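Just so it is clear, none of the values below were taken in a lab; they were calculated from the coordinates. Bear in mind that the values here come from a model prediction, so they are computed numbers and not experimental data. When we count neighbours, we look across all protein chains shown, and the Cβ atoms used for this are built from the backbone with ideal geometry, even at glycine.
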Amino acid sequence: MIPLQSADVLPQWTALAPALALATTALVLFVIDSIDPDSMDSGLLAGVSTIGALASAGISGWFLVAGTGMSRTGGAIELFGGQLVVDGMALFFMFVFASVLALVTVASYDYLEGQPHQAEYYSLMLLATTGMALMASANSLATAFVSLELASLPSFALVAFLKNNRGSVEAGLKYFLIGALSSSVFVYGISLVYAATGRLQLAAIADVIASGEALDPGVLGVGILMIVGGVAYKTASVPFHFWAPEAYEGAPAPVSGFLSSASKAAGFVLAFRIFTVAFPLDVITGVAVDWGVAFTALAVLTMTLGNFAAATQDTVKRMLAYSSIGHAGYALIGLAVLSGAADQSFALGASMMHLLVYGFMNTGAFLFVALAEYWGVGRTFEDYNGLATQAPIACTAMTVFLFSLAGLPIGGGFWSKYFLLVAATGASAWLLAAALIVNSALSLFYYSRVVKAMWIEEPDGSFEVSSYPTGLYAAVITAGVMTFLLLVGFGPVSATATDAAAMLF
Amino acid sequence: MAVPAEYYLVLSAGLFCVGLFGILTRRNALIFLMSVELMLNAANINLVAFSFQWGNLTGQVFSLFTMALAAAEVAVGIGIILVLYRNFEDLDVTKATTMRW
C-alpha cells in the first residue's frame, strides 16, 4: 500500500476526509430541505444520509488499511497548528461512528415513515456524527470542548424528536439538563487545567507538568477530576450515568442505538487521548492525582451498577439501556489498567476493539427493539413471547446480538471481552478481572430472558406481524452478519487497534 | 496594580457554587438554564484571568468559544423547554415523570 498523505499522493488536510464527508452530507440535506421543505420523501433523505455515512466509513477504512497517520508511514498528521490530529485511533473511531450511523439511517427509513421534519432528523444525526469524528481527532482541550458540544447539542434535539410524545420530551429534557450540567463541569475543569498550566494543547500541558512549571497541583488535580466527570457523562459511566436509562427508553429506538453506541465511543476516544497525551501517568502521578485509581473505581462501580440494575428491569429497552452502562464499565478497564499494564497499547487496544464490536451488536439490538416498536409489539419481556414463530430471521440476529453482548462465542463480543480479561490479568488488576467475569455471568441471565421469550415461550396471539420493513430488516441483518464476522475475522481488527493505541505511548 | 491570581479562583469557584446550588434546589426549568449559564461563566472568569497571568491569548480566545456555545446550548434548551411546556403544561422539572427516575 502507498502511504497516502505522507508521500504527497494526497494533501495533508485530506486526512480529515471522513469528518468532511459527514459535514458535507449534513449540508446537502439542508439544501434538499430548503428546496422542498414539506417533503415526506424519506427515501431520498435516508438514501443521501446513508451514502454519506458509507462514504465516511469507506474512506476511514481505506485510510486505516493504507496506514494514514500510523507510525509506519511517518506518524500522526497534525492539522491547524496541532489543534486536530489524525492518527490510527482517530480513524478507527471514525470508522465506528460512520458504520453505526449507516445502520441507524437505513433503519430510520422505516421507523420515521409518515413523520414530519425528517430532513431535520437526518441532518442533526449527520452533524452529531461530525462532532464525534472531530472528538476522535481533537488534540487540544479547546477543540475537545467544541466538538463535544457539536456532538451533544444535536443529540438533545434528536432524543426529543417525537415532540408530541411525552416520553420522548421527558427523555430529551433529562438528557439536556444533565448534559448542560456536565458540560459546564467539563469546561470548568478545562479552565482549572488552563489556570495551572497556561496551555490548552494536550502535549503542551504534559510538557508544562513534566517541567514542574505548573502553578498549583491542587488546582490541576481538581481540574483533572472535573474532566473525568465530563467524560463520564458522555460515556454514561457512574457518577453521571442516570440520564442514560431515561434518555434511551424515551428516545426513538434508532436514536437510542445511535447514542448508546456511537456517542459512548466518542466519549471514550476523548478520554483515551486526553488522559494518555495530556496527563500521562508517569508525569502526573506524584504531582496531582493518579487517575488510574479513579478509573478503576469508576469501572468496577459502573459495571456492577449497570448489570445489577439491568437484571431487575421488566422492559427490554430499559434493560438494554442499563446493559449499555455496564458495557461502559468494561471499556473503562483499558484506561484503568494502564498504570500496571505490561503492554499498555494492548490494554488500550482491547478497549478500542470492545467499542468497535459493541458498535455493531448494541446498535443491532436497539434496532431490533425499533423493529418491535414498528410492529406495535409491547415493551416488556412477556410481550416478546413467541416472536420467533413470526419473524425467525430477525430473532436469530437478535439472539446473536444478545449472546455476543454477554460474551458467548457467537459474535465478536467474545474476543473483545476475552482481550479485556487478558489485559486486566496481565496488569494484575484482579479486582477488575473478577468484576468482569462476575458481571458477564450475571448479564447472561438477563439477556437469556429475552432469548427465552422469543424462542421458547408460546405466543399469546395478541399481535400479527403484518409487514416486513426492508430498511429495518436490512440494518438488523447487516449488524448481525458483522457481529458474527467479527468473531471469525477478529485478527486484523485486533492488530489495527493495538497498532493504533501504540501511537499514544 | 494587578490583583493576585488566587482571588480570581475564589471568585470563579464562588460563582460555580452559586450555579450548582441553583441546579440542585430550583425546580423551574428556566432557572435551571440560568444556573448553568452561571457555571459556564465561572469558567470564563478563570480563562480570562489566567490568560492575563500566563501572558498568552489562548484562554481569552477560548472564552469567546465558550460564550458562543453557551448561547447555542440555551437555544436548544429553550426549544426543549417549550415542548416540555406544551406536553406537561408546566415548567417544573420534577413534574415530567412518566418513566421511573
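Please give the calculated 222 nm ellipticity per residue for the protein assembly as shown, where each DSSP H segment of at least 4 residues contributes -39500 (n - 2.57) and the sum is spread over every residue; nearest 500 deg cm²/dmol? Display every interim value, and only then the final one.
Details: 24 runs with 437 residues, N = 606.
Result for the protein assembly as shown: -24500 deg cm²/dmol, rounded to the nearest 500.
Just want the ordering: A:D290, A:D460, from fewest to most Cβ atoms lying within 10 Å of their own Cβ.
On the way: A:D290 16, A:D460 10.
Placing the least packed residue first, the sequence is A:D460, A:D290.
Can you give the relative contact order of region B:5-88 as a percent, counting alpha carbon pairs under 8 Å and 6+ residues apart?
Working: 65 pairs, mean separation 23.0, N = 84.
Taking the mean separation of contacting Cα pairs over the length of region B:5-88, I get 27 percent.
Run the reach check for B:K95 against lysines, Cα to Cα strictly under 16 Å, same-chain hits fewer than 8 apart removed. What comes back?
A:K174
Please arrange A:T315, A:T498, B:T94 by counting, for each residue, the other beta carbons lying within 10 Å of its beta carbon, fewest first. Intermediate values should be presented prior to the final figure.
Values: A:T315 16, A:T498 20, B:T94 8.
Lowest to highest Cβ neighbour count: B:T94, A:T315, A:T498.
Calculate the length of the line joining the C-alpha centroid of region A:202-239 to that of region A:47-110, in whole Å.
Distance between centres, Cα-based: 27 Å.
Please give, to one decimal in nm, the separation of the simple spin-label points placed at A:V287 and A:F308, each 7 Å out from Cα toward the Cβ.
The answer from the label model is 3.7 nm.
Ranking request for peptides A:414-425, A:33-44, A:141-152: highest mean number of other beta-carbon atoms within 10 Å first, then the rest in descending order.
Values: A:414-425: 22.0, A:33-44: 12.1, A:141-152: 24.0.
So the order, starting with the most tightly packed, is A:141-152, A:414-425, A:33-44.
Give a residue-ordered list of calculated ³J(HN,Hα) values for region A:220-228 (Karplus: 6.51 cos²θ - 1.76 cosθ + 1.60, θ = phi - 60°; whole Hz; x for Gly, Pro).
4, x, 4, x, 5, 5, 5, 5, 4
Relative contact order for chain A: what percent, with Cα pairs under 8 Å and sequence separation of 6 or more? Walk me through the numbers on the way to the answer.
Working: 948 pairs, mean separation 79.2, N = 505.
Value for chain A: 16 percent.
Can you run phi through the Karplus equation (6.51, -1.76, 1.60; θ = phi - 60°) for region A:441-451 and list ³J(HN,Hα) in whole Hz, with x for Gly and Pro?
For region A:441-451, the Karplus-derived couplings read 5, 5, 5, 4, 4, 7, 5, 5, 4, 5, 4 Hz, x marking Gly and Pro.
Using just the alpha carbons, could you tell me how many Å³ per residue the convex hull of chain A encloses? All intermediate terms of the calculation are to be shown ahead of the outcome.
On the way: hull volume 65.1 nm³, N = 505.
Value for chain A: 129 Å³ per residue.
What nm value, rounded to one decimal, do you get for the distance between A:N164 and B:Y85 when each label is placed 7 Å out toward the C-beta?
2.1 nm
Collect residues whose amide H, placed 1.01 Å from N in the peptide plane, falls under 5 Å from the amide H of A:L84; neighbours closer than 5 in sequence don't count.
Those qualifying (amide H under 5 Å, at least 5 residues apart or on another chain) are A:L79, A:N139.
Region A:1-154: percent of C-alpha pairs farther apart than 19 Å? Let's see the in-between values first.
On the way: 6195 of 11781 pairs.
Every Cα pair in region A:1-154 considered, those over 19 Å come to 53 percent.
Ordered by residue, what ³J(HN,Hα) values in Hz, to whole numbers, does region A:21-38 give under the Karplus form 6.51 cos²θ - 1.76 cosθ + 1.60, where θ = phi - 60° and Gly and Pro are x?
Rounded to whole hertz, the list is 4, 5, 5, 4, 4, 4, 5, 4, 5, 4, 5, 4, 5, 6, 6, 9, x, 9.
Compute the label zone of A:Y468 within region A:375-407: residues whose backbone N is under 12 Å from the point 7 Å along Cα-to-Cβ.
Once the point is set 7 Å along Cα→Cβ of A:Y468, A:390-395 turn out to lie under 12 Å by backbone N, inside region A:375-407.
Rank the residues A:V277, A:V100 as a footprinting-exposure proxy: fewest other Cβ atoms within 10 Å of their Cβ go first.
Working: A:V277 17, A:V100 29.
So the ranking, lowest neighbour count to highest, is A:V277, A:V100.
List the residues, sorted by chain then number, that are 5 or more residues from A:V238 or on another chain and whose placed amide H is less than 5 Å from its amide H.
HN-HN under 5 Å from A:V238: A:T302.
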